[in-house]
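Colleague: Right, I'll just put the structure down here and ask away after.
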Amino acid sequence: MERRVLIVTTGVVASAGVIAAWMATGREAFTKSRTLHREPMRIDPQDPLAQASFDEGASQTRLIRREGFRLGLLPAPQRLADRHALSVIPLLAAIWMFVGVAVGLARRCQATAYRTSPRRGIDRLGRYLKQEARR
């Protein structure tokens, strides 16, 4: 298999891994380590004010904080070295920058190998001899 195809295939597989990690952690827009969720509160049967619907207009939900890393599409760092700086877009950019450099180096190595290959010299010699034979 050609080197460049192998490099690009590796980039595609790594990108699929990053996308799979993003989907597995909740498809968040921003990278988070904790989230806040609203949950409905249960009415206490022993509370006479709640049974009389005294606080009917009040919010019947409460905020719950859940810990857990969620990979996001965009980074949300709070300081210079922060785990929230890790996100899908910078990871994909790094992967494809590496792929581009690796493909460029592979192409350059292949061109250098062609210029210095003995087969190329033999081809040149054959063309030269054909031209001389025509004269």
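Colleague: Residue by residue through segment 76-111, note down the ones that are in contact (Cβ under 8 Å) with a residue 40 or more places away in the chain and aliphatic (A, V, I, L, M).
Modeller: Correct list: 76, 85, 86, 88, 91, 92, 95, 99, 102, 103, 106.
Colleague: Go through (1) outside any loop (DSSP other than H, G, I, E, B); (2) at pLDDT 80 or above; (3) within 25 Å of residue 84 (Cβ to Cβ); (4) not aromatic (Phe, Trp, Tyr) for residue 26 and report which single condition fails.
Modeller: (1)
Colleague: Considering each residue of segment 75-88, count those that are part of a helix (DSSP H, G or I) and either loosely packed, with under 13 Cβ neighbours inside 10 Å or of a type outside the set (A, V, I, L, M) (or both), and give that number. Walk me through how you get there before you give the answer.
Modeller: Our first condition is that a residue be part of a helix (DSSP H, G or I); within segment 75-88, this holds for 83-85, 88.
Add one more test, that the residue is either loosely packed, with under 13 Cβ neighbours inside 10 Å or of a type outside the set (A, V, I, L, M) (or both), and what stays is 83-84.
The qualifying residues number 2.
Colleague: Which of (1) modelled with pLDDT under 80; (2) in contact with a helix residue (DSSP H, G or I) (Cβ under 9 Å, 6 or more places away or on another chain); (3) small (Gly, Ala, Ser) does residue 21 not meet, given it meets every other one?
Modeller: Every listed condition holds for residue 21 apart from (1).
Colleague: On to the next question. From the residues in segment 68-110 that are of a type in the set (Phe, Trp, Tyr) and at pLDDT 85 or above, which one is nearest to residue 32 (Cα to Cα)?
Modeller: This residue is 96.
Colleague: May I pose another question? Kindly indicate whether residue 63 is modelled with pLDDT of 85 or more, part of a strand (DSSP E or B), of a type outside the set (Asp, Glu) and within 34 Å of the chain's Cα centre (by Cα).
Modeller: Against the criterion (modelled with pLDDT of 85 or more, part of a strand (DSSP E or B), of a type outside the set (Asp, Glu) and within 34 Å of the chain's Cα centre (by Cα)), residue 63 does not qualify.
The values are calculated or read from the model by the stated rules, or taken from the named source; none is laboratory data. Note that the structure is predicted; figures quoted are calculated from it, not measured. Glycine also receives a Cβ, built like all others from the backbone with ideal geometry; neighbour counts cover every protein chain displayed.
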